[in-house]
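The values are calculated or read from the model by the stated rules, or taken from the named source; none is laboratory data. On a predicted model such as this, the values are computed, not experimentally measured, just so you know. Here the Cβ is made from the backbone with ideal geometry for all residues, glycine too, and neighbour counts use every protein chain on show.
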Amino acid sequence: MKSRDIINISRPYSKDEDGLNIIEREIQSNDIFDIPIDFNKKEFDTIHFNTWHSKLWKIIKPSKKDYITKDNSDFHFTQEHNGENLLNYLSVVKNIDTYKFASLIRELNPKIDAKFSKRIMHYWRDLGYINFQLYGESVKVSPTNLLFIETEAGLRAFLTGFRNQKFIKKLVAVCKELKLIIKLTNHSKEHQEILPHRIEIYDKLGDLNKFKVLAKKAGIEYINNIENPLNTSYSIYQLACFYTQRSVGEFEVYLSDKLEYKTDHHRKLLFDPDNCSWKETNKNVSSMAPPVLIRYDGFKDRQILHVFKDEYGSKVLDNFALSSFKIINSNIFLKKQHFVKSTSDFYVPLNISLPFWIERGLTLMNAEIPVIEWVDKKAYRKYRNIHDDIIKTIEEKLNQTAIITK
């Protein structure tokens, strides 16, 4: 594929606390990829951030060196892989919107339904390969990026965004020169054919400078520069995601700035906080006792609208996920602890949406998408090998306590 054919690559816009694009804001050199350097906080407490960030720093950048792992030169990348083919196709066309992209995923795997194909599309975005904002908008390919992921020793990163055979050839050559271990794995064993390859790069001694040299020589546009836990410019991207995410306790302040919604529609869905599901209702919103979360769909333009009603009125939500945790009164998360390590498998009910930044941060901790697992006849998304301190951060943000399961 010739470079002149590549016309649909664009770095994502800066994003706000809901994960929405801040189109009018130019990306700054010290931003953490698409997160503004001030984390969208009006009053930023540097001391609080540094204390929190330093405690979690070791999850991504431990001081432990690895003298056991052997170099592995067995790396066979092929662009004929379905996920890689789709990534490259997206880079040379500009007319693929979110609806078309989801249908392309179903063409690659006809066994998955429309709802799950949309979920896969979101994983493509959370993993950093593509970017879009609203349903119906065009899908852009992100430039080549290097993000660091959880590791017990050394320093481990994965490659995301655009790549082709020519780029990979150069990448492998530079990795060999720098004695970096490059490994081809997958983001999901179950769905590896509808996602790009997971390309992992590892340095046993944890030398960050090697990755910087790699980025410069191979032409990687963005690298998460994690030099110092006490400087926001060097924030670990996943931790920046969790820090950017507003908490349930901050929801009321957020709601006060939202637009009122005075219209009611006959067709609507009401969120049931007891079983975390949506139920159809024809009941008038005016007669509903607050707080309630309402979903309107079925509009001609396929728009979906979420409205939260409290004692002060009904407000339109940019991102409804956080509001659901405002009214859920029970602990809905599970975790299965790994007692040898400080990690657990983290379970989220399948029908529950996590707030944007928490979903993205979780997915990027290991650059793996969750698997579906049934526990006591209930379906969950299982995020594997998540550090216990990360789970604690999520619990605090969403006013939850994960129930320990065997």
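Beta carbons closer than 7 Å, at least 6 apart along the sequence or on distinct chains, pair a first residue in the range 11-32 that is of a type in the set (D, E) with a second that is not in a loop (DSSP other than H, G, I, E, B) for E17/T244; D18/F356.
You will find that of L214, L230, L239, the residue that is in a loop (DSSP other than H, G, I, E, B) and under 30 Å from S63 (Cα atoms) is L230 and no other.
Would you check if there is a residue in the range 167-182 being touching a residue at least 24 places away in the same chain (Cβ under 8 Å) and in a strand (DSSP E or B)? The answer is yes, given that some residue of the range 167-182 is touching a residue at least 24 places away in the same chain (Cβ under 8 Å) and in a strand (DSSP E or B). K341 meets all of the listed conditions (1) assigned to a loop (DSSP other than H, G, I, E, B); (2) under 24 Å from T401 (Cα atoms); (3) within 25 Å of the chain's Cα centre (by Cα); (4) outside the structural domain of I386 (by TED's automatic domain parsing) but one, namely (4). Could you go through the range 316-335 and let me know if any residue there is at pLDDT 95 or above, loosely packed, with under 15 Cβ neighbours inside 10 Å and either touching a strand residue (DSSP E or B) at 6+ places or on another chain (Cβ under 7 Å) or closer than 30 Å to D376 by Cα (or both). Yes, that holds for at least one residue. Consider the range 192-211 and keep the residues that are among the acidic types (D, E) and either more than 23 Å from H53 (Cβ to Cβ) or not in a strand (DSSP E or B) (or both). The one that is farthest from the chain's Cα centre (by Cα) is D207. Considering only the range 150-161, state which residues are surrounded by fewer than 22 Cβ atoms within 10 Å (Cβ to Cβ) and hydrophobic (A, V, I, L, M, F, W, C). The one that is surrounded by fewer than 22 Cβ atoms within 10 Å (Cβ to Cβ) and hydrophobic (A, V, I, L, M, F, W, C): A153. Annotation for the range 390-402: at least one member residue is of a type outside the set (S, T, Y) and free of Cβ contacts under 8 Å to residues at least 40 places away in the same chain. Given the structure, is K189 assigned to a helix (DSSP H, G or I) and of a type outside the set (F, W, Y)? Criteria not met by K189. So in the range 173-203, with the set limited to residues that are out of contact with any strand residue (DSSP E or B) (no Cβ under 6 Å at 6 or more places or on another chain) and of a type in the set (A, V, I, L, M, F, W, C), which one is farthest from T78 (Cα to Cα)? Ranking the qualifying residues of the range 173-203, first place goes to L178.
Report, by residue number, each residue of the range 5-23 that is part of a loop (DSSP other than H, G, I, E, B) and farther than 30 Å from K166 by Cα. Of everything in the range 5-23, those that are part of a loop (DSSP other than H, G, I, E, B) and farther than 30 Å from K166 by Cα turn out to be D16, E17, D18, G19, L20, I22, I23.
You will find that of F308, F251, the residue that is touching a helix residue (DSSP H, G or I) at 6+ places or on another chain (Cβ under 6 Å), surrounded by 10 or more Cβ atoms within 10 Å (Cβ to Cβ) and in contact (Cβ under 8 Å) with a residue 60 or more places away in the chain is F251 and no other.
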